[in-house]
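Chemist: Take this structure, written in structure tokens, and hold onto it; I'll ask about it next.
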Amino acid sequence: MSQAAPAPAAGWGAEVSALARHAALGLDAAQFAQMAEALPHLDAMLAALPRDLPFGAEPANTTHLRAE
């Protein structure tokens, strides 16, 4: 595990355990630790997504070619 990853929020373990049980995932301790390490990075990526775009906004991965 990385030493650079911040600790997950309090109560995260119980929530993820419940979700994993609901999804019928059998996580061992190492897999659970990896999820705990990844969570703060996922939260940061989600926070960086723009929220003020109109519903019909084009995705960033589209390309518009000009007809020549």
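Chemist: Filter segment 5-26 for residues that are modelled with pLDDT of 75 or more, under 19 Å from Asp43 (Cα atoms) and open to solvent by 70 Å² or more (accessible area, probe 1.4 Å) and give the result.
Modeler: Ala10, Ala14, Glu15, Leu19
Chemist: Would segment 38-61 turn up any residue that is polar (S, T, N, Q), modelled with pLDDT under 75 and open to solvent by less than 80 Å² (accessible area, probe 1.4 Å)?
Modeler: Checking segment 38-61: not a single residue is polar (S, T, N, Q), modelled with pLDDT under 75 and open to solvent by less than 80 Å² (accessible area, probe 1.4 Å).
Chemist: Considering each residue of segment 20-59, count those that are among the aliphatic types (A, V, I, L, M) and either within 17 Å of Ala9 (Cβ to Cβ) or in a helix (DSSP H, G or I) (or both), and give that number.
Modeler: Residues in segment 20-59 being among the aliphatic types (A, V, I, L, M) and either within 17 Å of Ala9 (Cβ to Cβ) or in a helix (DSSP H, G or I) (or both): 14 in total.
The values are calculated or read from the model by the stated rules, or taken from the named source; none is laboratory data. Since the structure is predicted, the reported quantities are computational estimates derived from the model, not experimental observations. All Cβ positions, even for glycine, are placed from backbone atoms using ideal geometry, and neighbour counts span all protein chains on display. Keep in mind that these areas ignore ligands, DNA and RNA; they rest on the heavy atoms of the full protein, side chains included. Shrake-Rupley method; radii C 1.70, N 1.55, O 1.52, S 1.80 Å.
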